[in-house]
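Some notes on the structure that comes next.
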Amino acid sequence: MGSVDFVVNGARHVFDGDGNTSLLEVLRDTLGLKGSRLGCGANQCGACFVLVDGAVAASCDTPLWAVHNKSVTTVEGLGRPGSPHPLQAAFIAEQAAQCGYCTSGILIAAAGLLARCPKPNEDDIRSALGRNLCRCGSHNRVIRAVLRASGQAV
Ligand code: FES
Ligand code: FES
């Protein structure tokens, strides 16, 4: 196919390179959005997760052509330092990261969950984040943070 025309965090982009380039590579190396991380590179860890038209997707395993005419949200699109997304504020309040390598992918997966299920219970959260690996073991604080972000007592 020719150019890939897509939107990232509300801004339109046209990519004229190889459409088989991974979305993660384009986000990080072409657009300079370094929040999405390369972990496994094989759709096994969640570090690279983004939302594509609202659905969680592994950007390492998504060729750019697959997002033609679609809208991508990365962790940079969730909020800003001065106006964080409720999830980002809750992660700070709960100190729900250690090294932070997995955190952007977890935030994206949690944002996808809250968009379809504004008041998830703990099982909902564990299920939605089941594909996100965290080597630091921050899982319990992550769950508290998602509950907090959804306005539920922790
Ligand atoms: S880097 Fe994409 S799922 Fe692990
Ligand atoms: S906070 Fe380090 S891998 Fe999750």
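The numbers here are math on the coordinates, done by the rules we state, and not lab data. Note that the structure is a prediction, hence the values are computed from the model and not measured. Backbone-built Cβ (ideal geometry, glycine too); neighbour counts: all protein chains shown.
List of remarks:
- Dipole of the chain computed with +1 at Lys/Arg Cβ and -1 at Asp/Glu Cβ about the Cα centre; of 56, 11, 97, farthest Cα towards the positive end is 97.
- Per-residue [θ]222 nm for the chain (sum of -39500 (n - 2.57) over DSSP H runs n ≥ 4, rounded to 500): -7500 deg cm²/dmol
- Given in Å, the Rg to one decimal and the Dmax to the nearest whole number for the Cα atoms of segment 66-154 are 12.7, 41.
- Note that segment 1-110 shows a convex hull volume over its alpha carbon atoms of 95 Å³ per residue.
- Of all DSSP bridge pairs formed entirely within the chain, close to 85 percent run antiparallel.
- Cβ-defined net charge surrounding residue 104, 13 Å radius [Lys, Arg +1; Asp, Glu -1]: +2
- Volume per residue of the convex hull around the Cα atoms, evaluated for segment 1-60, comes out as 87 Å³.
- In nm, spacing of pseudo-spin labels at residue 31 and residue 92 (7 Å Cα→C-beta vector): 2.4 nm
- Each of 87, 39, 27 was placed along the dipole of segment 3-154 (beta-carbon charges, centred on the mean Cα), and the one lying farthest toward the positive end is 87.
- Remark: the chain carries a charge dipole of roughly 520 debye about the Cα centre, counting +1 on each Lys and Arg Cβ and -1 on each Asp and Glu Cβ.
- Label-point separation, residue 40 to residue 69 (7 Å along Cα→Cβ), nm: 3.2 nm
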